[in-house]
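Structure first, then comments.
Taken together, the values in this text are just the output of simple stated rules run on the coordinates, not laboratory data. Everything numeric here is computed off the predicted structure, so don't read it as measured data. Here the Cβ positions follow ideal geometry from the backbone for every residue, glycine too, while neighbour counts run over all protein chains shown.
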Amino acid sequence: MDNAVKDNLKKIFGFNQFRGNQQLIVDNILKGNNTFVIMPTGAGKSLCYQLPAVSKEGTAIVISPLIALMKNQVDQLNSFGINAHFLNSTLSKSESNRVKSEVSAGLTKLLYVAPESLTKEENIQFLKNATISFVAIDEAHCISEWGHDFRPEYRKIKSIISQIGDNLPVIALTATATPKVQQDIQRNLQMEEADLFKSSFNRTNLYYEVRPKLKNDTKKEIIKYIKSQKGKSGIIYCLSRKKVAEIAELLQVNGIKAAPYHAGLDGHVRIKNQDDFLNEEVDVIVATIAFGMGIDKPDVRYVIHYDVPKSLEGYYQETGRAGRDGLEGHCLMFYRYEDILKLEKFNKDKPVNERENSKVLLQEMAAYAESSVCRRRFLLHYFGETLDKDCGFCDNCKKTKETFDGKEDLLTVITAVKETNQRFSMDHIVSLVRGEKNEYIESYDHDKLSTYGLGKDKDATHWKTVLRQAMIFGLLEKDIENYGIILLSKKSESFLKAPYPVKISKNHNFEEMAENVSAE
Ligand code: ADP
Ligand code: ZN
C-alpha cells in the first residue's frame with residue numbers, strides 16, 4: 001500500500017492502524033476491483049470506502065438507504081476536512097445545484113445518494129458526465145427480499161451503475177450475511193466474481209442468555225436486574241411504542257433513571273432522550289428498534305429484549321450494541337412462544353412471498369430461543385460461520401443440560417435426506433420419519449421408503465431438534481439457493497458408513513420453565 005494512503009488514515013481519520021480486514025479491502029478498492037464486504041455493525045465499514053475515496057481521483061458515489069443518517073456522515077467527513085456532499089429529497093433545487101457544481105468541478109470526494117434520487121433520470125445524466133472513482137453500496141442487504149429490510153429501489157442499482165459508467169468498480173457492504181442473502185446480493189449486482197471479505201461475526205465479549213417470559217414476574221425481574229447493574233448503561237428493546245412507554249414508566253416509578261425512545265415521540269423529545277442516554281443522564285433507554293442506528297455508545301453493558309425480535313439478523317444487530325468497547329456485554333432475551341405467534345399475526349396482510357419469508361425468519365428466531373445448543377454456535381451457524389467448539393460463555397454452555405445419544409436418530413434423518421434425493425425441507429423430512437400421510441408424501445410415494453414412520457414414537461419438535469443440531473454439527477447442510485432444502489454433507493456420507501455417538505441436547509421447554517418459576 002502507498003504510504004500516502006496510510007498517512008491519510010492517521011492524518012485525516014485520526015486512526016493509528018487498520019482494523020480487521022480494512023487494509024486488505026482498501027487495497028483492493030484502490031486496485032479498482034469489485035469488492036464485497038461483510039462485516040458486523042460497528043466493525044468499521046465506512047472507512048473501507050471513505051479512505052480510498054479520498055485517495056482516488058474523482059468522486060465516489062455512496063448509495064445509502066437512510067436519509068436521516070446521510071447528513072451526519074457528511075458532516076463528520078466535512079469536519080475531517082473532506083469534501084463530501086449528499087444528494088437526496090431533502091435538498092432544495094439550488095442546494096442540489098450547488099452540490100452538482102462541486103462534483104462537476106472534481107472537488108467532491110464522496111457523494112452520498114439515496115436510492116430514490118439515484119433512479120432519477122436527470123441525476124443519472126448528471127453522474128454520467130462526472131468523473132466517478134467507484135460506487136459504494138452501503139447496507140447492500142436491502143437488495144434482498146430474504147433480508148430483513150428489503151428496499152425495492154435497491155434492485156435498480158446495478159442497471160443505473162452501468163448507465164453511469166462502463167466498468168465502474170463496485171463495492172457492496174453489509175452487516176447481514178446469511179448465505180442466502182449474500183448470494184442474492186452478488187447475483188443482483190452481478191458481482192459473483194467480486195473479491196469477498198467476510199469478517200467473523202463472533203462477538204466474544206457478549207454473553208448471550210434467554211429466560212422465560214412471564215406476565216408480571218418478568219417486569220420485576222428486569223427491575224431487579226437493572227438495580228443490580230448499579231447505574232451502568234443498558235438498552236431494553238420492546239416491540240411496540242405502547243410497551244416502550246409502559247416499561248419506561250415502570251422503571252421510572254421504581255427509581256431507575258430510564259427514558260423512552262420510539263418514532264412516535266416528538267423529534268425534540270427523542271433527541272433529548274437519546275442525548276441524555278449518551279451523556280449518562282439516564283442509565284436505561286427503553287426503545288423500539290427505531291433506536292440504535294448510527295448510535296455509537298461504546299459502554300452499553302446490557303441489551304435486554306423484553307419482546308422477541310422478528311429475526312436473528314435483528315437480534316444480532318440489537319445485541320451488537322452492547323460492549324462495543326470490547327468489555328463484557330450481557331444480552332438477555334425474555335422469550336415465550338406466544339410472542340412468535342403474535343408477530344406471525346402481524347404479517348398476515350403482507351404479500352404471500354414476504355409473509356412466508358417473515359415466517360421463516362421468525363421460526364429461526366424461535367429455534368434459537370428454544371435450543372439448548374451453545375448460543376454462539378447457533379447464531380454463527382446462522383450467519384454461515386462454523387465454531388468447532390462450544391463457547392463456554394452463554395447460558396446454554398453454563399447450564400448442565402439434558403442430552404441423549406443421537407446416533408440412531410441421526411442415522412434416520414440422514415438416510416431420509418438421502419432417500420428423498422436431497423430435495424426437501426425440514427418439515428417434509430419430519431413428516432416422513434414420523435410416518436404422516438399428506439399430499440406430498442403420497443404424491444412422491446415417500447410412504448414406501450425405508451425411513452417412513454421410523455420415528456413415529458417421537459414428536460415433531462424432537463425431530464426438528466435433531467435436524468437442526470445435525471446441521472450445526474455439519475452432519476447435514478442447508479441449500480443456500482433454495483432456502484430450507486436439506487442436503488447431505490461430506491460428513492453425512494462418512495457418518496452413514498460408520499455411525500458414531502453424537503450428543504444431542506434437548507430443547508428448552510419454556511412452558512415448563514415458566515410454570516416452575518411461577519411456582520417458586
Ligand atoms: P460500521 O459501518 O461497520 O457499523 P463504522 O464505520 O460506523 O462501522 O465504524 C464504527 C466505529 O469504529 C466508528 O466509531 C469508527 O470511528 C471506528 N473505527 C473505524 N475504523 C477504525 C480504525 N481503524 N481504528 C479505530 N477506530 C476505527
Ligand atoms: Zn456457548
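Quote the charge dipole size of the chain about the Cα centre in Debye, to the nearest 20; the model charges only the Cβ of Lys and Arg (+1) and of Asp and Glu (-1).
720
Within 10 Å of each residue's Cβ, count the other Cβ atoms and sort TYR237, TYR306 from fewest upward.
Least to most surrounded, the residues fall as TYR306, TYR237.
Rounding to the nearest 10 and keeping the result within 0 to 90°, find how far the Cα-based axis of helix 407-419 lies from the longest principal axis of the chain.
Helix 407-419 sits at roughly 70 degrees to that axis.
Would you work out the charge dipole size for the range 130-212 about its Cα centre, treating the Cβ of every Lys and Arg as +1 and the Cβ of every Asp and Glu as -1, and quote it to the nearest 20 debye?
It works out to roughly 200 debye.
LYS359 to LYS93: FRET efficiency via 1/(1 + (r/R0)^6), r the Cβ-Cβ distance, R0 45 Å, to the nearest 0.05?
0.50
Test of understanding: what is the full-extension gain from THR400 to GLN183, defined as 0.36 nm times their sequence separation minus their Cα-Cα distance?
Between THR400 and GLN183, full extension yields 74.3 nm more.
Can you give the Rg/Rh ratio of the range 79-140, where Rg is from the C-alpha atoms and Rh is the Kirkwood radius?
0.93
Grab every C-alpha pair in the range 339-402, bin the distances at 5 angstrom width from 0 up to the longest one, and report whole percents.
Going out from 0 Å in 5 Å bins, the range 339-402 shows 4, 17, 21, 18, 14, 13, 9, 5, 1 percent.
Evaluate the range 264-399: find the radius of gyration of its Cα atoms, find its Kirkwood radius, and give the ratio Rg to Rh.
Result: Rg/Rh = 1.00.
Could you state the angle between the C-alpha long axis of helix 267-278 and the longest principal axis of the C-alpha atoms of the chain, as a value from 0 to 90 degrees rounded to the nearest 10?
Once rounded, the angle reads 70 degrees.
DSSP beta bridges in the chain, what fraction antiparallel, as a percent rounded to 5?
10
For the range 218-326, what is the Kirkwood hydrodynamic radius in Å, using each pair of distinct C-alpha atoms?
Kirkwood radius, the range 218-326: 13.7 Å.
Give me the distance in nm between label points sitting 7 Å out from Cα along the Cα-to-Cβ direction at GLN125 and ILE67, one decimal.
2.3
Could you check the spin-label model distance between ASP445 and ASN16? Points 7 Å from the Cα along Cα→Cβ, value in nm.
Computed distance between label sites ASP445 and ASN16 equals 7.1 nm.
Which ordering of SER199, SER425, SER159, SER94 is given by a fewest-first count of other beta-carbon atoms within 10 Å?
Sorted ascending by nearby Cβ count, the order is SER94, SER159, SER425, SER199.
Quick one: SER358, SER92, fewest Cβ neighbours within 10 Å first, how do they rank?
SER92, SER358
Among rounded, prolate and oblate, which fits the chain when a ≥ b ≥ c are the square roots of the eigenvalues of its C-alpha gyration tensor, a/c under 1.5 means rounded, and a/b larger than b/c means prolate?
It is oblate, given that a/c is not under 1.5 and a/b is not larger than b/c.
Once fully extended, how much extra length lies between ILE295 and SER162, figured as 0.36 nm per residue of separation less the alpha-carbon to alpha-carbon distance?
So the extension gain works out to 44.5 nm.
Compute the distance in nm between two label points, each set 7 Å from the Cα along the Cα-to-Cβ direction, one at LYS437 and one at ARG155.
Distance between label points: 4.2 nm.
How far, in degrees from 0 to 90, does helix 460-472 lean away from the longest principal axis of the Cα atoms of the chain, to the nearest 10?
With both axes taken from Cα atoms, the answer is about 50 degrees.
How large is Rg over Rh for the range 413-520, taking Rg from the Cα atoms and Rh as the Kirkwood inverse mean of 1/r across Cα pairs?
Radius of gyration relative to Kirkwood radius: 1.04.
Run the helix sum for the chain: -39,500 (n - 2.57) per DSSP H stretch of 4+ residues, divided by residue count, reported at 222 nm to the nearest 500 deg cm²/dmol.
Helices in the chain give a 222 nm mean residue ellipticity of -13000 deg cm²/dmol.
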